[in-house]
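The values are calculated or read from the model by the stated rules, or taken from the named source; none is laboratory data. Every value quoted in this text rests on a predicted model; they were computed, and no experiment measured them. Here Cβ is always computed from backbone atoms with ideal geometry, including for glycine, and neighbour counts include all displayed protein chains.
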Amino acid sequence: MASLSGTGKGLEIGIGTLILAPAVAAVVRPVAKAAIKAGMVVYERGREAVTEMGEVVEDLVAEAKTELEEERSMVVGEAAEAEEESTSGKETPLESNSQ
């Protein structure tokens, strides 16, 4: 067998690439497309999960605000009742018996 020079090897590689490229492309293209589709599905599911998590957080914040408002109104109401009792002229049972 004759030894090929650098140019001959390059020519062989070029011709081999031209012959094999369509076959390789036929195999690689569907695999690449499947990988892209899988990535798109994962991305969409991730977006849905983030959106759902955001809704849960919004609900929790709304519930916490409502509870805080209820607690504040109870504290204010109790303070107002205590102040009213201390400043009103109501007689206690002990004061009414001593008269």
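Has the range 37-51 got at least one residue that is surrounded by 10 or more Cβ atoms within 10 Å (Cβ to Cβ), out of contact with any Gly (no Cβ under 7 Å at 6 or more places or on another chain) and at pLDDT below 80? No, there is no match, as no residue in the range 37-51 is surrounded by 10 or more Cβ atoms within 10 Å (Cβ to Cβ), out of contact with any Gly (no Cβ under 7 Å at 6 or more places or on another chain) and at pLDDT below 80.
Residue pairs whose Cβ atoms lie under 6 Å apart, separated by 6 or more positions or on different chains, with the first residue in the range 59-81 and in a helix (DSSP H, G or I) and the second surrounded by fewer than 10 Cβ atoms within 10 Å (Cβ to Cβ) and of a type in the set (Val, Ile, Thr), do not occur. Within the option set THR66, THR87, being on the phi < 0 side of the Ramachandran plot and surrounded by fewer than 10 Cβ atoms within 10 Å (Cβ to Cβ) holds for one residue only, THR87.
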